[in-house]
Amino acid sequence: MSKIIIKNAVKRYGDLTIIPDLSVTIPEGSLFTLLGPSGCGKTTLLRMIAGFNTIEGGDFYFGETRINELEPSKRDIGMVFQNYAIFPHLSVGQNVEFGLKQRKLPKDDIKSRTTEYLKLINMEEYRDRKPDKLSGGQQQRVALARALVINPKVLLMDEPLSNLDAKLRVEMRQAIRDIQRKVGITTVYVTHDQEEAMAISDLIAVMNNGVILQIGQPKELYHRPATEFVAVFIGKTNILPGKLVKKDGGTWIKFDFGHEIPMDGFDNIAEQDIRVSIRPEEFVRCENGIKATIVDSLYLGLNTEYIMELGSGVKVQVIEESSFVETLQIGDVVDLEIKRQKINVFDKDGSVNLLGVN
Amino acid sequence: MNRTKFKWNIWYTSAVVMLLFYLLFLIYPLGAIFQEAVYVRGEFSLAHFTRFFSHSYFLGALSNSFQVSAVVTLYSVALGTFLAYLFTTFKFKGKKYLQILLIIASMSAPFIGAYSWILLLGRNGAITNVLTNIFGFPPFNIYGFFGITFVMTLQLFPLIFLFVNGAFRNIDKSVLEASENLGCVGIKKFFQVLLPLLTPTILAGALLVFMRTFSDFGTPMLIGEGFRTFPVLIFTQFVGEVMVNQGFAAALSVIAVVIALVVFLIQKIVAFKFAFSMSSLNPIQPKEVKGIGKVLIYVFVYSSVFIAILPQVYVAYTSFRNTRGMVFHPGYSLGSYIEAFNRMGNAITNTISLSFYATVLIVIVSVFVSYLTVRRRNFLSSTIDTFSMIPFIVPGTVLGIALISAFNTGVFGSGWFRITGTALIMVISLALRSLPYTIRSSVAALQQMSVSVEEAAESLGSSRLNTFFKITIPMMASGIISGAILSWITILGELSTSILLYNVRTRTMTVAIYVEVLRGNFGIAAALATILNVLTIVLLFAFMKVSKTKTVSI
């Protein structure tokens, strides 16, 4: 077990730069998620840590050890792959034993540790089965045991759940979280699914175009996204353009659709064009506020999501807890107010959160 | 750092070894005949080529070959496709067994079929005698153009059948349902939907049939009777008794290679235009037929399979008859077998040992070549990959002449490595000719295997070499083995290269059969052919067991 330090990593394929300059420290024992849309470089970075991709620049450390030139087989990693990568010609037990055999451990040790980890994943009775008789979820559990049994310094997981169906995915992510906590291993987890990332991670790094935009706990990313990209990528949000103006000794947001709200904490920030991120639950109904016409509604069980039009053709998503006696109809006009303390204000490029992040 | 260097070495070394193998045994020999073709008495000259193109006698052989190949391809495609259509669309009994019989028919050596048909339909053939003597048919014969096309079509339509039958299984039945739903049914459906979907497969199969017919040497030699085809011309120019001209034979070989290449490229270009990929979740289900249709299907299917397999059966039958020379006497015995073992015993052991060594060589080369081309794709490995496919289109006779020219006086005439007449050159030529089957099959197996499985092994502390032997090879195993068995079967039936390279110590069964047929020792020939067929069938069943299929695809 050790922390991972990456300094100024560069990844290039020919003339194409995938990762221009990336530095990050992954704390010991944490479950650290690389989250981003496909093609953002998250898997590339993971495979650089694993040793399957060449490193064009920068330094990679596990604890104090620099690993840039180490063969994958010498890095002491456990890796779990999207397609499980189970050895199809070996039984479940032999799959789990494989790494231990490479380490030339005594036979008894191999046996007892294999048993221990098969128990950990609740698969002991499948020991002699061939993998083609297992379901996807079971195969992925075997892959997890196989990666953990060698007691690696770090565990790397490359979209481990994306080949599973929705229900199993939720079950497995809980299992992974439990086992990771129990073993306490430094884990780097790659996913494009923000909900999965939120549920499972200690820390999330949101990536785009080979750059880490923000690292934080799930709730930090949700409530104080560093950029508009993070705000949009994590959860749902409405982005409304406007202006920050000084008026009556205070600072106001003047939305382009024609509404004004006073804001606290912006007194030291100059007047400028802004983009405001308001999450669907940050609109609440009130007595006398912004007039909104209901365009459409989606019933989602716990909540109902509305598409509403605010005056001059601006459409927003609004979410409310559902009730059995549904009173709102399409075409109805309601009054909304904005939970001012929760919203985020970005500069006109969406690249800086004017309130700052941590 | 040390490790990086080591891994670089092992793959680099194997790539270089493979490259040298192909350079020495394929590219250099082909270069040697090219040189021989354009140098007359030490001077550059195109005299051989002008001679060829100015004599209708030579051009005639070429045109004969084209005609035979075109007609055989046409008939084989029509018959094979139609049979595959019946197999896919309709229910009838015995499908599994019929299919196995067709595979056996396609896998046996063509010239054995030719020989057997001579016994059946030749001048004094069993069927000929019945028809002319009892039913008063006018005398007829199957020698010449008709005989060659007849024998080759029966030999090769099963290949098309196997190809197209495989392609049918990739067509999802929803495609046909969609076509019916849009009002395209019956014969229109066949031509507008099914046939286009089968086109890439048919083209690939047609190329194979065309090239096999074009380069086949044994069949026209036996049943041609004066009907000269191109490989026969090359052979007689090279070793003939009357007018041997090795330089001219070399020039003919060059022409043959060029033709093969052109046909191959045309097929590639055409196939590329029709290329698409299909995957089927619900293959077409055969449906019940009733009444006259059912009768017709049974008659057609069973009789075509019966005619395809008849030569093997008849050869086996005659092998148990009492024979003296070309004449069959009443009564049955194992006399032919005893004589075959006594006089041709070493041909049997040679076939087994040479084909075994060749197959071992094939497996080793295939494992490395397939790994290099799939996992370490670069200029070097692509070059090796291309080289490895050349023997697939170069006629066997040409390869034989090339190897003799190249090694008769040692490499570049230096006296070093004079392997002509040795078992080594037999093993290498047999391996070269059959390598493409195992390489393709290993490549396919490796391509299906996700890289992440090997990465998983490495992440668990396994070195690259260890991963290669413990993970990669075991996972490829069924692909390698089934390919190797196919290669082995092809080696067993190989004649056109062996006939040039053999000597008394290294002659194989196919050579012995061919020679005995020419000498008129029909009993020995039949006994050897039957043994060869049994070996082929045993290997075929091994193949089906390993690959877990009831079919063969090439």
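Quick note: the coordinates plus some simple rules give every number you see, no bench work behind them. Because the structure is predicted, anything quoted here is derived from the model rather than measured. Cβ placement follows ideal geometry from the backbone for every residue including glycine, while neighbour counts extend to all protein chains displayed.
Tabulated values for the structure
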| quantity | calculated |
| --- | --- |
| Quarter of Cα convex hull surface for the range A:93-220, i.e. mean projection, nm² | 8.8 |
| Segments A:112-118, A:8-14, A:84-90 sorted - mean Cβ within 10 Å per residue, highest first | A:84-90, A:112-118, A:8-14 |
| Low-density loop positions, GluC sites (Glu not before Pro), the range B:176-246 - DSSP coil, at most 13 other Cβ in 10 Å | B:Glu241 |
| Extent along principal axes [Cα atoms of the protein assembly as shown; Å; largest to smallest] | 121, 69, 63 |
| Peptide-level mean, for A:64-76, of C-beta atoms on other protein chains within 10 Å | 4 |
| Choice from A:Thr304, A:Thr191, A:Thr327 showing the highest fluctuation, given a GNM over chain A with Cα pairs closer than 10 Å | A:Thr327 |
| At R0 = 35 Å, FRET efficiency that the Cβ-Cβ distance of A:Lys342 and A:Lys7 yields, to 0.05 | 0.45 |
| Net length gained if the chain between B:Ile10 and B:Val504 were fully extended (0.36 nm per residue, minus Cα distance) | 173.8 nm |
| Sites B:Gln447 and A:Leu16, calculated FRET efficiency, Cβ-Cβ separation with R0 25 Å, nearest 0.05 | 0.50 |
| Inter-part distance where the range B:208-276 and the range B:439-468 are each reduced to a Cα centre, Å | 40 |
| Separation in nanometres of the label points that stand 7 Å from Cα toward Cβ, at A:Tyr299 and B:Phe191 | 5.6 |
| Spatial extent of the range A:4-223: Rg and Dmax, with the Cα atoms as the point set, Å | 17.2, 52 |
| Label-to-label distance, nm, for residues given as A:Asp335 and B:Ile292 (7 Å Cα→Cβ offset) | 8.7 |
| Projected label distance in nm at A:Ser38 and A:Glu124, using a 7 Å step from Cα toward the beta-carbon | 4.1 |
| Whole-Å semi-axes of chain B's equivalent ellipsoid (Cα gyration tensor) | 36, 34, 24 |
| Residue among A:Leu240, A:Leu148, A:Leu16 with the largest mean-square fluctuation in a Gaussian network model of chain A, springs linking Cα atoms under 10 Å | A:Leu16 |
| 0 to 90° range, to nearest 10: angle between helix A:92-102 axis and chain A longest Cα axis | 70 |
| Candidates A:Ala292, A:Ala205, A:Ala147, ranked by Gaussian network fluctuation over chain A, Cα under 10 Å, top entry | A:Ala292 |
| For the range A:4-223, share of DSSP beta bridges that run antiparallel, in % to the nearest 5 | 50 |
| Residue-count net charge about A:Lys153 - beta-carbon cut-off 14 Å; Lys, Arg +1, Asp, Glu -1 | +2 |
| Gain on full stretching of the segment that runs from B:Arg376 to B:Gln35 - 0.36 nm per residue minus C-alpha separation | 119.4 nm |
| 18 Å reach of a label modelled at B:Ser333, 7 Å along Cα-to-Cβ, counting backbone N of the range B:509-524 | B:521-524 |
